[in-house]
Amino acid sequence: MDSAWALDVMRKAPYITVSFINKEGKAYGVPLSLACTDDNTWYFHCATEGEKLDAIAANPQVCLSAVSRCMPTVGPKDGSFTLQYKSAIAFGIAELVTDDSEKIEGLRAISERFLPGHMDAFDDAVRRSLSRTAVVRITLSAPPTGKRKQYDKNGDEMKFGRME
């Protein structure tokens, strides 16, 4: 699937697993609540110290993986056990945000995505916690790609790029 489709999956996924390479050279992946401010710029927040930040300091390259609409199913025509899903993968560079105005912009994007009904409390929350909250920007190094398995109403698998 094309990058616009993959971006839509990333924007709708309840979380995105971000995979890092830690300072020992081992893979370290963790599901995080990310939000974007444009197609290439994604943010997450975390504690001001820990394994994620150590990994970014050692190697800022990351991989993002998102899955939505994952549903076990039996193939309508052949009875196979399978999954219907939508997924996206992207690669990028992670960087700790040090500018307070950009930290607030990233936190605002995250809050608007996950708690839009509570934005009236955003400014107070930022005042209380900005100094003890790290914000990480991930800049995608290429457009994301997407993949899916989905059946149409006749039970035929919708192959590459086919939309219902």
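Laboratory data are not the source of any read-out in this text; all were calculated from the coordinates shown. Given the structure is predicted, the values throughout are model-derived calculations rather than measurements. Ideal geometry is used to build each Cβ from the backbone, glycine not excepted, and the neighbour counts take in all protein chains shown.
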On a straight-distance basis, which aspartates and glutamates could pair with residue 23 in a cross-link, Cα separation under 18 angstrom, same-chain partners fewer than 8 positions away excluded?
49, 51, 54, 95
In whole Hz, with x marking every Gly and Pro, tabulate ³J(HN,Hα) for the stretch 13-24 from phi via Karplus 6.51 cos²θ - 1.76 cosθ + 1.60, θ = phi - 60°.
5, x, 7, 10, 7, 9, 10, 10, 10, 6, 5, 8
Within the stretch 1-60, which trypsin sites (Lys or Arg not before Pro) sit in a loop by DSSP and count at most 14 neighbouring Cβ atoms inside 10 Å?
23, 26
Other-chain or far-sequence residues with amide H under 5 Å of residue 91's (modelled H)
64, 141, 142
Can you give the calculated 222 nm mean residue ellipticity of the chain, where each DSSP H run of n ≥ 4 adds -39,500 (n - 2.57) and the sum is split over every residue, rounded to the nearest 500 deg cm²/dmol?
-7500 deg cm²/dmol
Among 3, 110, 141 the positive-end extreme of the charge dipole of the chain (Cβ point charges)
3
GNM top mover of 81, 20, 122 - the chain, alpha-carbon springs below 10 Å:
81
Roughly how many debye, to the nearest 20, is the charge dipole of the stretch 3-149 about its Cα centre, given +1 on each Lys and Arg Cβ, -1 on each Asp and Glu Cβ, and no other charges?
740
Residues 128, 69, sorted so that the one with the fewest Cβ neighbours within 10 Å comes first
128, 69
Using the 10 angstrom Cβ neighbour count as an exposure proxy, how do 110, 138 rank, fewest first?
110, 138
How are the C-alpha pair distances of the chain spread across 10 Å bins, as whole percents from the shortest bin up?
10, 34, 30, 17, 8, 1
Put a dot 7 Å past each Cα toward the Cβ at residue 121 and residue 82; how far apart are the dots in nm?
4.4
Whole-number value, in Å³ per residue, for the convex hull of the alpha carbons of the stretch 38-115 is 152
Find the centroid of the Cα atoms in the stretch 12-74 and in the stretch 99-136, then give the distance between the two in whole Å.
19
